[in-house]
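Here's the structure we're looking at; comments come further down.
Just so it is clear, none of the values below were taken in a lab; they were calculated from the coordinates. Computed from a prediction, not measured in an experiment: that's the story for all the values here. Positions of Cβ are generated from backbone atoms using ideal geometry, with glycine treated the same way; all protein chains shown enter the neighbour counts.
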Amino acid sequence: MSRDLPVAGWKDQVLLILRRRTAFVVDGESMSPLLKSGDKILVDPRASIAVGDIVLAHHPYTQGSKLIKRVAEISTSGEYFLTGDNPEYSTDSRTFGKIHTADIVGKVVCKL
Amino acid sequence: MLNKITEKLTRNIETAEAHCDGPCGVYDPSSARIAAEAALSMTKKILDLKAPDSSDSQAWVAFHNTMARYIAIKEEQAQVAKDELLILWTDYFKPAHLEKYPNLHDTFWKAAKLCSSVKVEVSREHADELMDAVKEIHGIFWATKDRDVAWYTAA
């Protein structure tokens, strides 16, 4: 588990061009200080996910909205408990419960 | 070259939301306190308002008008207090707070019930109890933020 996130290198950029990575822009401060509002990140939809990883997930109640949070726990049934690094500014699994595997978009692998 | 392509590919991209549902972190029990205090003030005014001694119609019109205004404000402010408490309860407080304050749900539930009582009745006792409940919530709220904020009232 790493609290850090690498900066994208040329390999990540090539993978973005090849559409093996998807870029998103962060909005909000729930992952501060690691990720600030306006930071761009790359998501790998195929990467395996472990506790401590940062992931992108579909919001369980707001259609079309995607959340960026850290995996605090993975249950034996494969459900993810997600939290923000900055809990005071975060609505996460403490409020909306665990997220199903199907709602995980991918792992945040680096920032641009 | 690679950087230029990356920049172009990341110009209009989707948002990854990293925020809370409400106005981020801006919670304060003082808004509930102001409304509860206004409801208490109106309760006192209703109880103190004297009916006219005479049968003068103008005096009775003025009495009913004043009474109606006091009642309307009491009803409105008791509801505002309830809404503000419910926002704190459901949006600010998290399960971690409940572990530290196991009577949290009971405190909010009773406070919300008191708002309803103050709204429906003209009870000085319940209006005072609501202020006590808001004071207790004020103490818990600021303790969760490790801040020593003294309780105060406007009156």
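Between B:Lys8 and B:Asp28, what is 0.36 nm times their sequence separation minus the Cα-Cα distance? Round to one decimal in nm. If you can, show how the numbers build up before the last one.
Working: separation 20, 0.36 × 20 = 7.20 nm, distance 4.34 nm.
Once the chain is fully extended between B:Lys8 and B:Asp28, it gains 2.9 nm.
Using only side-chain charges placed at the Cβ, +1 for Lys and Arg and -1 for Asp and Glu, the dipole size of the protein assembly as shown relative to its Cα centre rounds to 1220 debye. Relative to one another, the C-alpha centroids of the stretch B:65-87 and the stretch A:52-112 are positioned 40 Å apart. In this calculation the C-beta distance from B:Trp60 to B:Lys113 is compared with R0 = 35 Å, giving a FRET efficiency of 0.50. Scanning chain A for trypsin sites (Lys or Arg not before Pro) lying in DSSP loops with no more than 10 further Cβ atoms inside 10 Å, the longest uninterrupted stretch between such sites is A:47-112.
Here is the list for the stretch B:52-155: trypsin sites (Lys or Arg not before Pro) lying in DSSP coil, each with at most 15 other C-beta atoms within 10 angstrom of its C-beta, are B:Lys145, B:Arg147.
As a quick test, which of the pairs A:Lys40/B:Lys145; A:Lys98/B:Lys113; B:Lys94/B:Lys135; A:Lys111/B:Lys4; B:Lys50/B:Lys113 have an alpha carbon distance above 23 angstrom in this structure? A:Lys40/B:Lys145; A:Lys98/B:Lys113; B:Lys50/B:Lys113, as the Cα separations exceed 23 Å there. Counting, for every residue in A:19-26, the Cβ atoms of other protein chains within 10 Å of its Cβ and taking the mean gives 4.
Counted by neighbouring Cβ atoms within 10 Å, the residues A:Met31, B:Met131, B:Met67 run from fewest to most as B:Met67, B:Met131, A:Met31.
How would you rank B:Ile137, A:Ile49, going from fewest to most other Cβ atoms within 10 Å of each one's own Cβ? It would help to have the intermediate numbers written out before the result.
On the way: B:Ile137 22, A:Ile49 16.
Ascending number of Cβ neighbours within 10 Å: A:Ile49, B:Ile137.
With the convex hull constructed from alpha-carbon coordinates only, the stretch A:10-111 shows a mean projected area of 6.4 nm² over all directions.
Against chain B, whose longest principal axis is taken from its Cα atoms, helix B:57-87 shows a tilt of about 30°.
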